[in-house]
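Peer 1: The structure that follows is given in the form of structure tokens.
Just so it is clear, none of the values below were taken in a lab; they were calculated from the coordinates. Fair warning: this is a prediction, and the values are worked out from it, not measured in the lab. Positions of Cβ are generated from backbone atoms using ideal geometry, with glycine treated the same way; all protein chains shown enter the neighbour counts.
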Amino acid sequence: MAHPKLFRGYFLGLLAWLIAFIAALQLGAVDQVDFEVVTQLRLPRALLASAIGMGLSVAGAALQALFTNPLCEPYTLGISSGSAVGAVIGAALGLQWSAGGLAAPAFLGAFVFAGILYLISFRPGAGNLTLLLAGVMLGFLGSSIVALWMALADAQGLHGALFWLMGDLSRARLDGSIISLISAVGLIFLIWIRWKELDALLMGEEDAMSLGVSVAASRRKLILLTSLLIGLCVSGGGMIGFVGLVVPHFARKFAGALHIRLIPLCAIWGAAALTLADTLARIVARPYELPVGVVTALVGAPLFLWIMLGRREGIS
Amino acid sequence: MRSLKIVKKLSKRLRFLTALFVLFSIPLQSHAQQIVDATGTSVTLKSEKPSRIVTLAPSLGELAADFLGNDLKRIVGVSEYTDYPAALKKIESIGAYHRFNLEKVVALKPDLVLATTDGNPKDQVTQLRSMGIPVVVVNTQTLSQVSESIRLISKAMGSPDAGERMAAQLQKGIERIHARSQVRPKKRVLLQIGEEPLIVVGKESFLHEALETVGAQNVYADLKAHYPRPAVEDAVHRNPDVILVLALGQDLTPFQKMAISWQRFPHLKAVSQKETRVLQGDTILRPTLRLLEGLSLLERAVYGAP
């Protein structure tokens, strides 16, 4: 099937990723390119940014189909918030604020919150809005638990925690980044092969059922896969917002709404976008580094409003 | 009958007036003193020798105890983690210095509260003052301010001579360490206080002055903040001779890990010459006489044992 716009989308995405990746290796806090600095700092970060960027974008696209709402984002489900709660509990138990130290509790937190959503989705009559609102409430619950910990913790660990909550990739280590990238690609593949179910869900629950898709079962499976992917992203880079919103929004303009094309395009563009955002975060305030979440939020939050106000129908 | 009533009434009034007079004359008799503290506030202390002292930071508890000797009963409240001297551990805690419990402080009915600009929230201090509680605030951002705070506290506690002596002792010790540093080559030092994000010591910090006092050169002397957070790349580029990780508390493991993580960059001078180590930071961060101990620890960490 010839589809020139789609090919252009893939081509541009790969090109952008390549350019972003080279820029990420070339640019940094200092102009001089030092072998150790590139291999120990810039390469792990660029790899982690790619992994998290593709993970968050695909998670966003999947959630938007699941809830038939283009404003859905990994954060609206509250799963990332659950991840943060897990990490905070880990820190309170004395674990270090590092990717390795807090990955396990962050995963666990995501699982618990996803589990709650999963149980809610079992309830008869639990529609999209129920789940979405439940996710928003879980997000509130999560951030209040984090706030509780911040009020009680001593100032020592707070700084690292704050940075992590803002979304920060400075913890990247080469081995961890490679593992993250492989896991992200694997999970994305598992979501991608369910493209038919995603397409059906996007059309709404009734249409999906008439197409022979078991709505409840597919939704549960996809929610679990998506939360795993979000857990992976949050434990690696903290709360990076709006990538999952912005990338699918623009990818749809090239790939259309069908997920067999949309998911891979989201992955490529997401990787390019976050790698680029992180490179910007590293160089705009030299010798300081910004948390990448600040950069993505500065671009993403206005865009969120723009998409929301541009929609003809209401949110529900 | 009537005249008797008038006399009774009059005597009642007289008694009342006498009582009023006595009440007002008490403060006049017991030498109230005025002290101007580090915030420029003029504090009126009701007695020359306060007997209900509350200290809002561990270092302030330590200093107060130094001036009281065996008379520690005069301290009625301390902040959390006030553990030096050990006898202070038994005194009632008013919570952590950065967010202490106002109600507890008020309930202790202190006649002197010692606070510091280095950690105690300004709004809480203002609140105490608005309730009429005398709060003397010290500032300990520089070495000379530490001496000044020692004098201020001893004066507020009614033993100004002891403060003069201690400040002189501190001054002498600092001069001795500084004199030693003059004959050594200056080493370029990165003093790290946190990782992920990397947090270092900048020009505004007290620790920057400590580095200069022992004759070291802070590689981040150009950054104006107290504790800037430069990129790791930038630190690698500055290539310090020595990397010190400041450790707080008894458990050194996380700080040793921070020191070890520099091994990722084998070409760094500090790594190839094995000059990456942990510095026990509890004494150098104490703006008390123990600061001298901290300075010599820092000196040894940079230049090795003399």
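Peer 1: With helices defined as uninterrupted DSSP H runs, which ones in chain A have an alpha carbon span along their own long axis of at least 30 Å and mean Kyte-Doolittle hydropathy of at least -1.0?
Peer 2: Working: long enough: A:4-26 (32 Å, 1.34); A:43-66 (34 Å, 1.40); A:99-122 (34 Å, 1.88); A:128-152 (36 Å, 1.90); A:215-237 (32 Å, 1.27); A:259-283 (36 Å, 1.21).
Counting only whole DSSP H runs, the qualifying helices are A:4-26, A:43-66, A:99-122, A:128-152, A:215-237, A:259-283.
Peer 1: Which value, in Å³ per residue, describes the convex hull spanned by the Cα atoms of the range A:191-253? Walk me through the intermediate numbers first.
Peer 2: On the way: hull volume 6.2 nm³, N = 63.
Expressed per residue, the convex hull around the Cα atoms of the range A:191-253 is 98 Å³.
Peer 1: Further question on the same structure: When Cβ neighbours within 10 Å are restricted to other protein chains, what is their mean count per residue of peptide A:280-291? The partial results should precede the final answer.
Peer 2: On the way: counts 0, 0, 2, 1, 0, 1, 4, 12, 8, 8, 0, 1.
Whole-number average of other-chain Cβ neighbours for A:280-291 is 3.
Peer 1: Using only alpha-carbon positions, what ratio does the radius of gyration of the range B:155-306 give when scaled by 2.2 N^0.38 Å?
Peer 2: Values: Rg = 16.3 Å, N = 152, 2.2 N^0.38 = 14.8 Å.
The value comes to 1.10.
Peer 1: While we're on this one: Rounded to whole Å and sorted largest first, list the principal axis extents of the Cα atoms in the range B:245-287.
Peer 2: Cα spread of the range B:245-287 along its principal axes, largest to smallest: 36, 19, 10 Å.
Peer 1: Okay, next question. Just the ratio, please: alpha-carbon radius of gyration of the range B:125-185 over 2.2 N^0.38 Å, N its number of residues. Before the final figure, lay out the partial values.
Peer 2: Details: Rg = 15.8 Å, N = 61, 2.2 N^0.38 = 10.5 Å.
Against the compact-globule rule of thumb, the ratio is 1.51.
Peer 1: Radius of gyration and Dmax for the range A:152-268's Cα atoms, expressed in Å?
Peer 2: 17.4, 57
Peer 1: Mind checking the dipole of the range A:171-217: about its Cα centre, +1 per Lys or Arg Cβ, -1 per Asp or Glu Cβ, Debye to the nearest 20?
Peer 2: 420 debye
Peer 1: Further, regarding this structure: So what does log10 I(q)/I(0) come out to for the range B:68-111 at q = 0.14, 0.15, 0.20, 0.28 Å⁻¹, using the Debye formula with one equal point on every Cα and no solvent?
Peer 2: -0.31, -0.36, -0.62, -1.06
Peer 1: Oh, and also: Please list 3J(HN,Hα) in residue order for the range B:36-48, calculated via the Karplus relation 6.51 cos²θ - 1.76 cosθ + 1.60 where θ = phi - 60°; whole Hz, with x for glycine and proline.
Peer 2: Computed from phi, the couplings for the range B:36-48 are 9, 8, 5, 8, x, 7, 8, 10, 9, 9, 6, 10, 6 Hz.
Peer 1: Please report B:T283, B:T55 as a ranked list, fewest other C-beta atoms within 10 angstrom at the top and most at the bottom. Intermediate values should be presented prior to the final figure.
Peer 2: Numbers: B:T283 18, B:T55 29.
The order, fewest Cβ neighbours first, is B:T283, B:T55.
Peer 1: Another question about this same structure. Whole-Å semi-axes of the protein assembly as shown's equivalent ellipsoid, largest first, each the root of 5 times a Cα gyration tensor eigenvalue? Spell out each step's value before the answer.
Peer 2: Values: eigenvalues 672, 250, 63 Å².
Semi-axes (√(5λ), whole Å): 58, 35, 18.
Peer 1: Enter the mean projected area of the convex hull around the alpha-carbon atoms of chain B, in nm², rounded to one decimal. Don't skip to the answer; put the middle values down first.
Peer 2: Values: hull surface 79.6 nm².
Answer in nm², one decimal: 19.9.
Peer 1: Please give the per residue volume of the convex hull enclosing the alpha carbon atoms of chain A, rounded to a whole number of Å³. Could the numbers behind the result be given before it?
Peer 2: Values: hull volume 41.7 nm³, N = 316.
Output value, Cα hull per residue: 132 Å³.
Peer 1: Could you please rank A:S121, B:S51, placing first whichever residue has the fewest other Cβ atoms within 10 Å of its Cβ?
Peer 2: On the way: A:S121 18, B:S51 14.
The most exposed by this proxy come first: B:S51, A:S121.
Peer 1: Taking only Cα atoms, what is the 0 to 90° angle, nearest 10, from helix B:291-303's long axis to the longest principal axis of chain B?
Peer 2: Roughly 0 degrees, rounded to the nearest 10.
Peer 1: I would also like to ask the following. Amide H to amide H under 5 Å from B:Q192: which residues, 5+ apart in sequence or cross-chain, H placed 1.01 Å off N in plane?
Peer 2: For B:Q192, whose amide H was placed from the backbone, the distant partners under 5 Å are B:L244, B:V245, B:L246.
Peer 1: What does the structure give for A:38-46 when I average, per residue, the other chain Cβ atoms found within 10 Å of the residue Cβ?
Peer 2: On the way: counts 1, 2, 7, 6, 1, 0, 0, 0, 0.
Neighbouring Cβ atoms belonging to other protein chains average 2 per residue here.
Peer 1: Put +1 on the Cβ of each Lys and Arg and -1 on the Cβ of each Asp and Glu in the protein assembly as shown; which of A:T39, A:L169, B:Q127 then has its Cα farthest toward the positive end of the dipole?
Peer 2: B:Q127
Peer 1: Which pairs break 23 Å Cα to Cα here: B:K122/B:K172; B:K89/B:K109; B:K46/B:K155? All intermediate terms of the calculation are to be shown ahead of the outcome.
Peer 2: Values: B:K122/B:K172 33 Å; B:K89/B:K109 20 Å; B:K46/B:K155 13 Å.
Checking Cα-Cα distances, B:K122/B:K172 exceed 23 Å.
Peer 1: Right, something else. Which cross-chain or sequence-distant (5 or more) residues have an amide H under 5 Å from the amide H of B:Q217, H modelled 1.01 Å from N in plane?
Peer 2: B:K187, B:R188, B:V189
Peer 1: By how many degrees, 0 to 90 and rounded to 10, does the Cα axis of helix B:160-181 deviate from the longest principal axis of chain B?
Peer 2: 10 degrees
Peer 1: Which value, in debye to the nearest 20, describes the size of the charge dipole of the protein assembly as shown about its Cα centre when Lys and Arg Cβ atoms bear +1, Asp and Glu Cβ atoms bear -1, and nothing else is charged? Let's see the in-between values first.
Peer 2: Working: 60 positive and 45 negative charges, 381 e Å.
So the magnitude is around 1840 debye.
Peer 1: Could you derive backbone 3J(HN,Hα) for the range A:70-78 from the dihedral phi with the Karplus parameters 6.51, -1.76 and 1.60 (θ = phi - 60°), listing whole Hz in sequence and x where the residue is Gly or Pro?
Peer 2: After applying 6.51 cos²θ - 1.76 cosθ + 1.60, I find x, 8, 5, 8, x, 7, 5, 7, x Hz.
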